[in-house]
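*Asks:* Here it is, the structure in full.
Just so it is clear, none of the values below were taken in a lab; they were calculated from the coordinates. As the structure is a prediction and not an experimental result, all values here were calculated from the model. Note: ideal-geometry Cβ built from the backbone for every residue, glycine included; neighbour counts use all protein chains shown.
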Amino acid sequence: MMDKIPVKNTDPTEPSSVGQAHPESFNLYQKHEKIYTRKIEGFYQRLRLFTGWPLLIGYFALPWISWDGRQSVLFDLPNRQFYIFDITFWPQDFMLLAWLLIIAAFGLFFVTTWLGRIWCGYTCPQTVWTSIFMWAEQITEGDRNARVKLDRLPWSINKVVRKTLKHGIWLGVSLLTAFSFVGYFTPIKELVTNMFVFALGPWEIFWLLFFTIATYGNAGWLREQVCMYMCPYARFQAAMFDQDTLIVSYDPKRGENRGSRKKGVDYREKGLGDCIDCQLCVQVCPTGIDIRDGLQYECINCALCIDACNSMMDKMEYPRGLIRYTTEHKLEHESGSILRPKLIGYGLALMLMTLMFAYTISTRTPLELDIIRDRNQLYRETAEGLVENTYTLKVLNMSQQSMRYRISVQGMEELKIKGKTEIEVSAGEILAIPLRVEIDPALLENINVPIEFSVTTLDQSIKVSEQTRFLGPQIR
Ligand code: SF4
Ligand code: SF4
């Protein structure tokens, strides 16, 4: 029993999964044929609106939302602080970031094994932005047939106006996208002000141009080629698929033999299946493939072909679902299983790592203490005959508010701090505090004694401690 779904065979000499030779071979250097997609309405298109719009709104709105007097999400690279609502991530939190990436990877493995390329079809920025660009194309140049015709016509005022409008909208969306993206790294309100007074920095200009061109190129011109040639996910997702993974599939048992017929005739008598070979499923496909050739890595699971075929089945008064979300097992009339070892493994790993991440975040202390001993002088004897050591305490307030802390020292009785023991540290500030610690030499237990400094908030809710050494003269 195979445990991987076969993807489209690209060798034209080999028969395809539905018993036909492929009309073309796959060639990386072949001339790119422009794809004119047909607009289609249907259940899955409405569903895509529900997944795409919240993401778009979130992407554009988040940098504008204020939180505690500053931008809610801001990746402040020059100051090495990442603000995400109430949490501030510091370079010290790099492990958390790595952890988050691992969780995201396992999340992707889990979802892909279970639901196939649902990410590509419904939430991938390339898909969402391409949909916006296609919408702009439709409102400026018309439907599929009108666009094909317009491209074939010689240049005229009508063509120039329509093309200019389309590219104008594309550039506008690209600029807005780039602006919002840069706004996650530079306070967006400052960015707006600087833009209007022509005071943008060279890096801001560079990234704005870069992301404008990248969005315009990827969603306007490259489109399906990004999925087919540039996206690594398309290449390795087959490794996560098994015969119970949800895929968009044509049902050849029901559809073949395909062929045109008149509505109402007994096509079964003529040896025909339910596929009327209308090509609508191909015309709506954003990657230009024919799903009837079997599962192909170019398929982004957008389900446009399902909506197209269902609309045709409705017209013919045939049951819906000739192209549908299904699994290989179900297509073969075998009972499949949602719960299989690989999926359970991914799910458990994902749950465990998410819980551990949540625990680490909830118990994370927004305070860090670093102690530096004075290396020039091991110890000093004071005029009062006491032994004194000098330290510099570096207190980093990782919270988002200014905090007051109390400093204490433990390790020996009668150990006294000379200097400020109550300090105020602003949010995100590293305060260096020079401190002297003294003791009567008669009470000194050893020439080298471990001691511990503690920094505590006044309400004692947060406390960090750090060990160091107290050095003294030879005990007589
Ligand atoms: S084959 Fe269907 S699901 Fe796959 S990309 Fe084309 S339209 Fe979308
Ligand atoms: S839309 Fe349905 S009926 Fe038309 S060609 Fe595709 S599979 Fe056949």
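*Asks:* Using only DSSP helix segments of four residues or longer, with each worth -39500 (n - 2.57), what per-residue ellipticity at 222 nm results for the chain after dividing by its residue count and rounding to 500?
*Replies:* Value at 222 nm, helices only: -11000 deg cm²/dmol.
*Asks:* Sticking with this structure for a sec: With +1 on each Lys and Arg Cβ and -1 on each Asp and Glu Cβ, and nothing else charged, work out how big the dipole of the range 259-367 is about its Cα centre, in Debye to the nearest 20.
*Replies:* Rounded to the nearest 20 debye, it is 280 debye.
*Asks:* Taking the alpha-carbon distance from Lys416 and a cut-off under 18 Å, which aspartates and glutamates remain once sequence neighbours fewer than 8 residues away in the same chain are dropped?
*Replies:* Counting by Cα, and skipping residues close in sequence, Lys416 has these aspartates and glutamates nearby: Asp374, Glu381, Glu384, Glu388, Glu438, Asp440, Glu445, Glu452, Glu466.
*Asks:* In degrees from 0 to 90, rounded to the nearest 10, what is the angle of the helix 304-316 Cα long axis to the longest principal axis of the chain?
*Replies:* Orientation of helix 304-316: about 30 degrees from the principal axis.
*Asks:* Sticking with this one: Can you tell which of Pro78, Leu49, Gln400 lies farthest toward the positive end of the dipole of the chain, using +1 and -1 charges on the Cβ of basic and acidic side chains (Lys, Arg; Asp, Glu)?
*Replies:* Among Pro78, Leu49, Gln400, the one farthest towards the positive end of the dipole of the chain is Leu49.
*Asks:* Another question about this same structure. For the residues Thr88, Thr112, what sequence is obtained by ranking on other C-beta atoms within 10 Å, fewest first?
*Replies:* The most exposed by this proxy come first: Thr88, Thr112.
*Asks:* Let me ask something else. Please label the shape of the chain as rounded, prolate or oblate, based on the square roots a ≥ b ≥ c of the eigenvalues of the alpha-carbon gyration tensor (a/c under 1.5 means rounded; beyond that, a/b larger than b/c means prolate, else oblate).
*Replies:* On the way: a/c = 3.81, a/b = 2.23, b/c = 1.71.
It comes out prolate by the Cα gyration axes.
*Asks:* Is there a quick way to get the dipole size of the range 69-185? I mean about its Cα centre, with the Cβ of Lys and Arg at +1 and of Asp and Glu at -1; what is the value in debye to the nearest 20?
*Replies:* Details: 11 positive and 7 negative charges, 137 e Å.
It works out to roughly 660 debye.
*Asks:* Using a ≥ b ≥ c from the Cα gyration tensor of the range 113-203 (square roots of the eigenvalues), is it rounded, prolate or oblate, where a/c under 1.5 gives rounded and otherwise the larger of a/b and b/c decides, a/b for prolate?
*Replies:* Verdict is oblate for the range 113-203.
*Asks:* OK, next. When a/c is below 1.5 the answer is rounded, else prolate if a/b is larger than b/c, else oblate, so apply that to the range 367-471 with a ≥ b ≥ c taken from the square roots of the Cα gyration tensor eigenvalues. Each step should come with its number before you reach the end.
*Replies:* On the way: a/c = 2.31, a/b = 2.04, b/c = 1.14.
Prolate.
*Asks:* Just going by the charge dipole of the chain, with Lys and Arg at +1 and Asp and Glu at -1 on Cβ, which of Ala432, Pro202, Val265 is farthest out on the positive end?
*Replies:* Looking along the dipole axis, the top candidate is Val265.
*Asks:* Using the count of nearby Cβ atoms within 10 Å as a rough guide to exposure, how do Val160, Val464 rank from fewest to most?
*Replies:* In increasing order of surrounding Cβ atoms, one gets Val160, Val464.
*Asks:* Arrange the following residues from fewest to most other Cβ atoms within 10 Å of their Cβ: Asp293, Asp86.
*Replies:* In order of increasing Cβ crowding within 10 Å: Asp86, Asp293.
*Asks:* Taking the chain as the reference, fit the longest principal axis to its C-alpha atoms, fit the long axis of helix 94-115 to the helix C-alpha atoms, and give the angle between the two in degrees, 0 to 90, nearest 10.
*Replies:* With rounding to tens, the tilt is 20 degrees.
*Asks:* Got the relative contact order for the chain handy, in percent, Cα pairs under 8 Å and 6 or more residues apart? Before the final figure, lay out the partial values.
*Replies:* On the way: 702 pairs, mean separation 72.1, N = 476.
Computed over the chain, the figure is 15 percent.
*Asks:* Dipole of the range 1-364, Cα-centred, from +1 at each Lys and Arg C-beta and -1 at each Asp and Glu C-beta, to the nearest 20 debye?
*Replies:* Dipole size: approximately 880 debye.
*Asks:* Here's something else I'd like to know. Where does helix 125-141 land angle-wise versus the long Cα axis of the chain, in degrees 0 to 90, nearest 10?
*Replies:* 50
*Asks:* Let me ask something else about it. So which of Lys39/Lys263; Lys253/Lys330; Lys39/Lys315; Lys263/Lys330; Lys262/Lys315 end up more than 19 Å apart, counting from Cα to Cα?
*Replies:* From Lys39/Lys263; Lys253/Lys330; Lys39/Lys315; Lys263/Lys330; Lys262/Lys315, over 19 Å: Lys39/Lys263; Lys263/Lys330.
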